[in-house]
Structure formats: C-alpha cells, structure tokens
Amino acid sequence: MHELVEQVLAEIPLVDGHNDWPYALRGRAGSSVEDLDRPRTGFHTDIPRLRAGRVGAQFWSVFVPSTLPEPEAVVGTLEQIDLVHRLVARYPGTFALACTEPDVLAAFSSGRIAALLGAEGGHAIAGSAGVLRALARLGVRYLTLTHNDSTSWADSATGTEVAGGLDATGRAVVAEMNRIGVLVDLSHTAETTQHAALDVAAAPVMFSHSSARAEGDHPRNVSDAVLARLAGNGGVVQLTFVPSFLSVAAARWWREAQEALGEHAFPWPRAPRPGEDPAVAVVENDTALHTAVPEEELARWEADHPRPTVGIADVVRHVEHAREVAGVDHIGLGGDYDGVDRLPDGLEDVSGYPRLLDALAERGWSRAELAALVGGNVLRVLRDADDAAVETLWPRVR
C-alpha cells in the first residue's frame, strides 16, 4: 500500500488547508524565520518535517484572535502575512508563493512547497470591503468568516448569535469574496451561517479545518445536512486532526479540564518592535503565556485524569464519513498543526500525512480517491472560484 501512496504523492501535491505555524513563530520565535531548515523542538512544523510529510502545498493561517479589536486585528493580520512572505523569501528553494491552481502546480513541478495564505476570521477585515480586497492583493486566498466569536455580520459556532447566520452585510461580504475569487471558508461558523452562505454563494465554499459532527458531536464539526450540500455547491471540507473534534471521549476530557481549571485565553503574542532583537519579544511572550495558562496545574490534573487516546483510526472514521455523505470529490485534509497542543498518535507533526494515507490505502482507497483527497479537490475549488470571479487581484508570483 505504501507504494500506491508514493505514486499519488509524486503525481499530485498534498494540499493542507490550515497550519498555524506563522502564529507559533510569532510567539515562540519572535516572528523570526531563521533556522527553520533544521529540526525545531516546540513546533509541529519545520522544513525537514514538511518534506518528510510530503506536503506539496500549504494554506498558512494568518491568524489573529477574535478577541482583538478589529483595527488591531487588521494590523496583526498584516504582520502575519509579512511573516509568510519573509518565510518564502528566506527559503526560495523550499517555498514558492502561490495563489492559483497553476501557481500550485508550478511550485510542485519545481520541487517546492506552494505557500498559500488564509485569513482566519472575518474580524480581520474590520467590516471593510477595501481591506478584503487589499488582503487579496497580498495573496490571501481564503477568509474564514468567523473565528471563535461572532462578527457583527456572521455567527460563530462557539459565539453569541448576532446575525441570524448572515445578515445583509454578511451576504454582501460573501458576494464580494465570490466576485474577486477569495474562498469562503466556513470552518468556525455556526450551522446557520453555513446554510446562509451556501444559499447565496456563487462559487465553491470550503471548510479549511473541520471534521464530521456525526462522528464527533462538537460545535466546530460539520453536520450531515451541510455535508450533503457540498456536492451541489462544488465545495470541499478539509478534515482536521484536532483530538477533541475527533473523539467524544477527548472532547469530554477537555470540557472536564476546563471545568476543573477554568478557561484560559492564550495571550496574543506581540511582534518585535522596529530594530528590536526578536529574542526580547520571545521572552516577553513566554512570560505572558506562563502567567495566563497554569501549565503546571494542568499537568498535575492530567496526571490524575489521563487524556483519552486518539489516533489515526479516529481521523479515518471522519474522513470516510465525509466521503460517504459529501462524496469523494468534496473532501480534503486540514491538520491544524501548531494551532493545538496535542495531535493524534501517529500524526504528532506534519511528517505524519503518509501514515494516514497508508491507513486509507489499506482500507481499499483507490489511487483516484486518494488523489482527490490529498489535493485534487482543493485544486478544483481554486480553479472554479477563479472561473466564477469577475475580477481577481492575486499578486504575480514566480
């Protein structure tokens, strides 16, 4: 079966929908992009492990928390975009900026990893169509309509309902995204928002990192009713590896941990000031994190309440359920590496993708099905969204 997986990965890029490495680098490396071509502890991602995992294209999340005021969120988003652009410039033999399907395929044929951008949360545009268009001109290929909190115009799966799914402004944002080819990412959104977006979308939508609610009853997962609509829209759900999304036991463990210890918000790490040594920001960010999150207390609680085991088989359950309901042409992968503290056994870092694909091949997945999952479906969505767009603003890439 390994030979089949090798053939697939040699022919089509593995396109992952969501990786928070830029956020992790902001907090733990002071936004520095140096020394990433060697193994780095404390991260799920580095260049050697991306190569080992056969990643061919990555949507880098340019994430800012939804607790930030919107003007600050715009600044933070621009800083994260800058980090990805610096990453690509620092390692031109490894990465190539990509916005379109031809960009991705050109990068893959040259032996490089296509670097795409996804902005996580509608707060990143501060209610401005001009900011949305500016982000597109910088290469942002998708916008997640919400993060953990609702915006004034779209409801989050974990936030307060304010818009009845999408209000008139939200529908106008979706229309403008379709007009300029920015993908509508429905991860993090409420089911009402998902249905509202599918009602008005003129181009395929995506879920950059979600799983199947029928296999894990978590508000961040996608219901069968929504999965069943993806075929009619032409969209794709990229199944994620977050343990509490995959396993009812893991979700229960996390809720009990929060009840016992309280919920703790991770502080937004600051970027270095002009001319400042990044190490200074690293120290301050580390101090702020340890002050906000009682890691020692959590470790003691975990010693008495061991985490449930979550593994590749749990991911397989979700992938196969989504295939059954949405169809094999509407599924992909979105690991959420460096966005969570723990990943399933066998998928602990970005080197694990071939192990997941081997498990699927052993269950009888064909070459064509594996190719659709790893990248074919997402590439089609990129192409179809560009075809549906009236005007595209992507930067010219090499």
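Listed values, structure above:
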| item | result |
| --- | --- |
| Nitroxide proxy distance, nm - points 7 Å out along Cα→Cβ at ASP387 and ASP341 | 4.6 nm |
| Sequence-distant residues sharing a close amide H with ILE113 (under 5 Å, placed H) | PHE95, ALA96 |
| Estimated FRET transfer efficiency when R0 is 56 angstrom, pair ARG51-LEU261 (beta carbons, to 0.05) | 0.90 |
| Difference of contour (0.36 nm per residue) and Cα-Cα distance, ARG396 to VAL248 | 48.8 nm |
| Calculated from backbone phi, Karplus (6.51, -1.76, 1.60) coupling profile of segment 347-355 in Hz, x at Gly/Pro | 10, 5, 8, 6, 7, x, 3, x, 5 |
| Cα centre as origin, Lys/Arg/Asp/Glu Cβ charges: the chain dipole, Debye | 1040 debye |
| HN-Hα J in Hz across segment 109-126 - Karplus 6.51, -1.76, 1.60, θ = phi - 60°, x for Gly and Pro | 5, 8, x, 10, 8, 6, 9, 9, 10, x, 8, 9, x, x, 4, 5, 9, 6 |
| Spherically averaged projected area of segment 67-176 from its Cα convex hull (nm²) | 7.3 nm² |
| Dipole of the chain [Lys/Arg +1, Asp/Glu -1 at C-beta], most positive-end residue of GLY159, HIS2, PRO344 | HIS2 |
| Amide proton proximity set for ASN19, modelled H, under 5 Å, gap of 5+ | SER61 |
| Separation in nanometres of the label points that stand 7 Å from Cα toward Cβ, at ASP35 and ALA368 | 5.0 nm |
| Residue-wise HN-Hα coupling along segment 324-333, computed from phi with Karplus coefficients 6.51, -1.76, 1.60 (Hz; x: Gly, Pro) | 5, 8, 8, x, 5, 7, 9, 10, x, 10 |
| Cα centre as origin, Lys/Arg/Asp/Glu Cβ charges: segment 241-300 dipole, Debye | 240 debye |
| More than 24 angstrom apart: percent of Cα pairs within segment 1-116 | 28 percent |
| For segment 298-391, alpha-carbon Rg relative to the globular expectation (2.2 N^0.38 Å, N residues) | 1.35 |
| Rough spin-label spacing in nm, given labels placed 7 Å along Cα→Cβ, for THR192 and ASP82 | 3.9 nm |
| Kirkwood Rh and Cα Rg combined as Rg over Rh, evaluated for the chain | 0.93 |
| Ellipticity estimate at 222 nm from DSSP helix runs (n ≥ 4, -39,500 (n - 2.57)) divided over the chain, nearest 500 | -13000 deg cm²/dmol |
| Lys/Arg +1, Asp/Glu -1 at C-beta; the chain dipole; positive extreme among ILE331, THR287, ALA389 | ALA389 |
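Any read-out appearing in this document is the output of simple, stated calculations on the displayed coordinates, not a laboratory observation. All of these numbers come straight from a predicted model, not from anything done at the bench. Backbone-built Cβ (ideal geometry, glycine too); neighbour counts: all protein chains shown.
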